[in-house]
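Everything below concerns the one structure shown next.
The values are calculated or read from the model by the stated rules, or taken from the named source; none is laboratory data. In this text, all values refer to a predicted model and were calculated from it rather than measured experimentally. With ideal geometry, Cβ positions are generated from the backbone for all residues, glycine too; neighbour counts draw on all protein chains shown.
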Amino acid sequence: MHVVQSIQSKPRYRMIVKLHRTPDGRKLVAICDSELIGKKFEEGKLQLDLSSNFYKGEEKSKEEALNLIDGAYMINVVGRESVEFVLKLGVVNERSIIKIDNVPHVQAIIG
């Protein structure tokens, strides 16, 4: 019974996804763990500002996010769950991931 309760009480992972278009029409996809939206992180000279409209998209399922990533020119991903998601897809490699104030972030040109 305790196991069921702990599974049910575990917060559901929510991914916020926003599709951008470059001036020449290519897709750029921004993905972020929902609990990070609106926050800023700094470490040394590095800054990660998640309060801008760049990341303020809509909650999407992993399948919906995958459909948006398909055919994308570039992805920009922030947060432990979101970075793990694209890592498992194989569109980024672990060496490309950086951490700013312990928050994983990865950018990749994929198309």
Filter result for the condition that a residue is under 15 Å from GLY111 (Cβ atoms), modelled with pLDDT of 95 or more and touching a Leu at 6+ places or on another chain (Cβ under 8 Å), over ILE75, ILE98
ILE75
Matching option when the condition is in contact with a helix residue (DSSP H, G or I) (Cβ under 7 Å, 6 or more places away or on another chain) and under 15 Å from LYS18 (Cβ atoms), among ILE97, ILE37, ILE31:
ILE31
A careful count of residues in segment 42-52 that are under 15 Å from the mean Cα position of the chain (by Cα) and touching a residue at least 24 places away in the same chain (Cβ under 8 Å) gives 2
Return the residue satisfying two criteria in turn: it lies in segment 1-46 and is farther than 16 Å from ASN67 by Cα, modelled with pLDDT of 80 or more and among the β-branched types (Val, Ile, Thr), and of such residues it is surrounded by the most Cβ atoms within 10 Å (Cβ to Cβ).
ILE37
